[in-house]
Amino acid sequence: MADESPTNEAQATVDRIRRALIHPSTNVEPAPARREVTAVGDRPNIDFGALPEYELLKIHKAAGDLAGIENPFYRLHDGLAADTTSVAGHAVVNFSSYDYLGLNGHPEITTAAKQAIDRYGTTVSASRLTAGERQIHRDLEAALAGLHGVEDAVTFVSGHATNVSVIGGLLGADDLIVTDSLIHNSVVEGAKLSGAKRILCPHGDIEAIERALRLNRRRHRRAVIIVEGLYSMDGDMPEIGALVRLKRRYDAWLMVDEAHSLGVLGRSGRGIAEEQDVDPTDIDIWMGTLSKTLVSTGGYIAGSRKLIELLKYTSPGFVYSVGVAPAVAAAAHAAIAVLQREPWRMQKLRQNGQHFTTAAKARGLDTGASIGASVVPIVVGSSPTTVILSHRLLSRGYNVVPIIFPGVAENQSRLRFFITCRHSVEQMTGVLDAVADELPAIRQAPSFVSAFLGR
Ligand SMILES: Cc1ncc(COP(=O)(O)O)c(C=O)c1O
């Protein structure tokens, strides 16, 4: 490839991105090697912008720049984001919050967080293993174990770090990790860290999981199947009973990430085991986050007493990391109490999810495989169109963040709606009418899109 001068570099980037968008199966080609590294004194002059990885960022930016619209990512919110929020001083209806049960800012939860600060301060200052723990940690973990119907739980400071540390620590080079292709990045990173053989099965394909185990299990020491309780991109769920049968047949562990299903699935919000009437102790490792329905920050593992004890003494992300901050633990604990006391929130959420999905389909919109619980995509199928649509919705008073290539395959570019129990029928009808209005208009007058794609 020809050398790129700084002046034609932007165009070259757009060309590379354009090729990737037209042929989504091909990765964006990395930028060609550029300028010699020059020394400034004895320090190399490091230009992170010259890294090939940096080129990927330009996909998002180029789409926005060519359309003459603002970056749809990192929008600045001025206050508490619930069913409504304020972006740059403008009140908008919000469909981009994980606060499915509308608990962020709940007086009981904020009071619990403030009281925990008053009592313990803003941090526990060190790892719990070495510096000790607070009652609030024990209360939260007992409540999480109770919600899942298992013996014990342990909390980590981040949901993402929970998966990385636990999967990376429990599995090793002799082991096998079988996951769904849409599994969250934190699981992928943990699996990479472990050094285990990794097999990604097509989304929702139980037969592919069975085949992966049948063909590979005997060559490995341990095997684990990892799925999500409710998939964060597509809003559908796996069939847990079938996975339990597979894990028994092939002597594997079953791990379920309930980040988006705790407080969402099941009559009383206990997650996919309750939803599908499965014994929760048949799942070896429950994972979840405190950051969605529990309106806090952090992650946890729930399971047998021995599993939790093992993690408390060996998992690097727990042993070598500070304990969850008092306010953070207290908020999650108080959120569990409200969730259990107010099942109407789960019922309303499900009603809203069903209403939104049915109303979207009635307008001819593609909601993919979503079961209409809390996450509902509207698949648009083109990154530039999705970005423009998100921008137009914002100007009509709706905040919905686009998910585009390389986050998903180009033909799967989408707006991802997070439905909450606070949304009203009017808000949902309003945004769907706006999508149904704008989408054909963008597709029919695609001067920008066709220019972008070179068609
Ligand atoms: C399925 C899944 N697992 C884990 C995580 C990481 O959780 P957290 O954002 O709390 O770190 C997320 C985040 O969205 C997720 O969607």
Cβ-based charge dipole, the range 107-341, positive-most Cα from ALA332, VAL264, ALA212: ALA212
Summing -39500 (n - 2.57) over every DSSP H run of at least 4 in the chain, dividing by its residue total and rounding to the nearest 500, the 222 nm mean residue ellipticity is -13500 deg cm²/dmol
Quick calc: nm separation of the 7 Å Cα→Cβ label points for ASP366 and ALA441 -> 2.2
The chain pair-distance distribution - Cα-Cα, 10 Å bins, rounded %: 4, 19, 26, 26, 18, 6, 0
Once both labels are modelled 7 Å past Cα along the beta-carbon direction, what's the ARG119-ARG267 spacing in nm? 3.3
Binned Cα-Cα distance frequencies in the range 257-413 - 10 Å width, integer %: 10, 27, 32, 23, 8, 0
Which whole-number percent is the relative contact order of the chain (Cα, under 8 Å, 6+ apart)? 20
Cα Rg, Dmax, the range 142-274, angstrom units: 14.3, 41
Can you work out ³J(HN,Hα) from phi for every residue in the range 229-245, in order, using Karplus 6.51 cos²θ - 1.76 cosθ + 1.60 and θ = phi - 60°, giving whole Hz and x for Gly and Pro? x, 9, 5, 6, 9, 10, x, 10, 10, x, 8, 5, x, 5, 5, 5, 5
³J(HN,Hα) computed for each position of the range 82-92 - Karplus, 6.51 cos²θ - 1.76 cosθ + 1.60, integer Hz, glycine/proline x: 10, 6, 10, 8, 10, 10, 6, x, 9, 6, 9
Karplus 3J(HN,Hα) series, Hz, for the range 202-213 with 6.51 cos²θ - 1.76 cosθ + 1.60 (x for Gly, Pro): x, 3, x, 9, 5, 5, 5, 5, 4, 4, 4, 6
Added length on full extension, which subtracts the Cα-Cα distance from 0.36 nm per residue, GLN135 to GLU70: 18.8 nm
In debye, nearest 20: dipole of the chain around its Cα centre with unit charges on the Cβ of K, R (+) and D, E (-)? 520
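None of the figures in this text is laboratory data; all of them are computed from the coordinates on show. What you see is a predicted model, and the numbers here were worked out from it, not measured in a lab. Using ideal geometry, Cβ is built from the backbone for each residue, glycine included, and neighbour counts are taken over all protein chains shown.
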